[in-house]
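Okay, structure first, notes after.
The values are calculated or read from the model by the stated rules, or taken from the named source; none is laboratory data. Keep in mind it's a predicted model, so treat the numbers as computed, not measured. Virtual Cβ from ideal backbone geometry, glycine too; neighbours counted across all protein chains shown.
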């Protein structure tokens, strides 16, 4: 699939790239996540693997070369360093990430 979706075309609810768990959506409702690593700081993400699984967070930074991101966990306000395969883009409605 192309990213971003073509104007006027249907918007997919899930995307998969190499390294992302196929069951990523199990950590949240399928219509609230896209299994991509966002590029923009401040993007809302859902942790889908590891000890923080199920928590929502904000992307602080990412390193494509190292395959890691820094996120601020919404519930704890802690900063965590996670692998690309541990997060996905959260596309739920505003307020659902708190």
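For segment 39-49, which residues satisfy the criterion of being loosely packed, with under 13 Cβ neighbours inside 10 Å and either within 11 Å of the chain's Cα centre (by Cα) or modelled with pLDDT under 90 (or both)? If the condition is that a residue be loosely packed, with under 13 Cβ neighbours inside 10 Å and either within 11 Å of the chain's Cα centre (by Cα) or modelled with pLDDT under 90 (or both), then 39 is the only one that fits. Just one of the numbered conditions (1) surrounded by fewer than 19 Cβ atoms within 10 Å (Cβ to Cβ); (2) part of a loop (DSSP other than H, G, I, E, B) is not true of residue 52: (1).
Would you say residue 66 is at pLDDT 90 or above and over 20 Å from residue 93 (Cβ atoms)? Yes: the conditions hold for residue 66.
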